[in-house]
1. Considering only strands (runs of 3 or more DSSP E) fully contained in the stretch 1-116, which possess at least 2 residues that are in contact with a Leu (Cβ under 9 Å, 6 or more places away or on another chain)?
2. Testing PRO51 on (1) within 10 Å of ligand 1 (Cβ to nearest atom); (2) closer than 25 Å to GLN200 by Cα; (3) surrounded by 15 or more Cβ atoms within 10 Å (Cβ to Cβ), one condition comes back false. Which one is that?
3. Looking at the stretch 53-81, which of the residues that are without any contact (Cβ under 8 Å) to a residue 40 or more places away in the chain and under 24 Å from PRO308 (Cα atoms) is nearest to ligand 2 (Cβ to nearest atom)?
4. Looking for something under 27 Å from GLY56 (Cβ atoms), away from ligand 2 (no atom under 16 Å from the Cβ) and in a strand (DSSP E or B) - is there at least one such residue anywhere in the stretch 169-186?
5. What residue, of LEU358, LEU330, is out of contact with any strand residue (DSSP E or B) (no Cβ under 8 Å at 6 or more places or on another chain), in contact (Cβ under 8 Å) with a residue 40 or more places away in the chain and closer than 23 Å to THR209 by Cα?
6. Looking only at the stretch 8-24, filter to residues that are surrounded by fewer than 23 Cβ atoms within 10 Å (Cβ to Cβ) and more than 20 Å from SER158 (Cα to Cα); which one of those is nearest to ligand 1 (Cβ to nearest atom)?
7. If you take the residues in the stretch 425-455 that are under 33 Å from the mean Cα position of the chain (by Cα) and hydrophobic (A, V, I, L, M, F, W, C), which one is surrounded by the fewest Cβ atoms within 10 Å (Cβ to Cβ)?
8. Exactly one of (1) more than 15 Å from ligand 1 (Cβ to nearest atom); (2) touching a helix residue (DSSP H, G or I) at 6+ places or on another chain (Cβ under 6 Å); (3) acidic (Asp, Glu) is unmet by ASP36. Its number?
Amino acid sequence: MIEKYKIVIGCEIHTQLTTKTKAFCACENRYGGMPDTRVCPVCLGLPGAMPRISKGYVEKGAIAGLALNCHISNYAKFDRKHYFYPDLAKGYQITQYDIPLCTDGFIDLPYVHLPESQRPGGSDYIGVDFTGKNNDIDGKFKRIRIERIHLEEDVGKSLHLEGKHSYIDYNRSGTPLIEIVTKPDMTSPEEAALFMQTAQEILRFVQVTNGNLEEGNMRCDANINLTIWEDGKEYHTPISEIKNLNSFRSIKDACHYEAQRQLEEFKTNRQPFDPGFKNTMGWDDVNGKTVIQRTKNSFIDYRFTTEPDIKPFIVSDEFIENARKQVGELPESKRARYRKEFGLSDFDVETLTSSKTLATWFEEAAKNAKDVKKVANLILAELLAIVNERGVAINELGITPVHITQLANAASDGKITSKQSKEVFAEMMASGKLPEDIIKEKGFVVVTDTSAIEGFVTQVIAENPKAVEDFKGGKTNVVGWLMGQVMKKSGGKANPKVATELLKKQLEAL
Ligand code: ZN
Ligand code: MN
């Protein structure tokens, strides 16, 4: 009888890097456009063409590695991996074989994004040992180890049309990739999807990739099998590698399906685990099934050899330190800091750290603010609405963080009323003028001078005997109406807090 089983998943993620040019030639590195419009002898694999490492390629690879807590090798080289496929122009792929640029990293997955049942002690994990040495940090994170990250080039894109003809678009041929290889540390389909999501967030944050799944910027191969305990014995099912998963949902669905399929297979016709045996599968999104592409992975000899056209090179400590500076503070630690330093809510903090541009902009605006919450509110409630409406980034709105600091401070100091604040905001967005200048121009000077406000209060009380009578009769809600009269008299300039106090004081003294 099967007592329990555990899902074991390891991922390989391929991610496009955002260098200006392709990995080893001067062709523009970008998605889309007419087929074969960004090609040259190097990325078409024409004889005699010589590759050269593009500016920023190794650096972006190192930034990615450091952001994922890897060690960066001081010695780097490229290798050739030979195989035949029509989209592989040269007949080999330039990659890194035995010496990857980055090794031994990790990503901590925040449990908060997993269903309760999947957190330690959750109902899905009854009987599963969660106490692995790297797992479960403070009960908040689960650490997924990264074995290596290497640099390699992408291949062209095959288009199979009408089931008759196949075409190849070489625009993608030779574009720069990193491949992230994890240890088999994930124990549920949800965790595998969360891994990809967290990796995407971090790599986007450090601005090495667009991480756009729909454009194939990031794709995941999931290696999955089961550990099964039956009649006191432990079994392992053969590993399936599900190729090219390009959405979080498809990772989750494919792993769920494949785990069930392996369990059924074990029950009916059990296949023994064999380290040299791996099923290569595809995921049929429409029918919700994994499809076998290759069984028994007979040993493929890739004939790896050092790439002779690119000299091995030293990655200096200085180069690595410079890359480390560009990593900066990562989203998870920013979130913790915003909560602690500014007392912002989880929701606000998630939004403010959703991109580096936004987080940097917010921090800039918060720097000289008297009330950071006011700054956060202006950004979250007002600016992001306009960002969405116009479909631009926050730094393309035509205003600077200083605008928001000034507006928030004017309100904090009681220099303007909330109604005036809205007016200043609208004017600032339209003209780009600084709030302090707008306040001066419009003559928005809140009257906090007690004697002046007292004068308005006295007048209002004298002119509205009926309301005053009502108040005396116990109708305290007339205070709001009287308050409105005071504000009107002051031309909207009275400090509302002071005015309310004085009005109440005079009414009660009657
Ligand atoms: Zn090229
Ligand atoms: Mn690869």
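1. Hits in the stretch 1-116: 2-16, 92-95, 102-110.
2. Result: PRO51 passes all but (2).
3. Per the stated criteria, the residue is GLY56.
4. Within the stretch 169-186, one or more residues are under 27 Å from GLY56 (Cβ atoms), away from ligand 2 (no atom under 16 Å from the Cβ) and in a strand (DSSP E or B).
5. LEU330
6. Selected residue: THR21.
7. Here the residue is ALA430.
8. All conditions are met except number (1).
The values are calculated or read from the model by the stated rules, or taken from the named source; none is laboratory data. Not measured: the values here are computed from a predicted model. Positions of Cβ are backbone-derived with ideal geometry, glycine not excepted, and every protein chain shown enters the neighbour counts.
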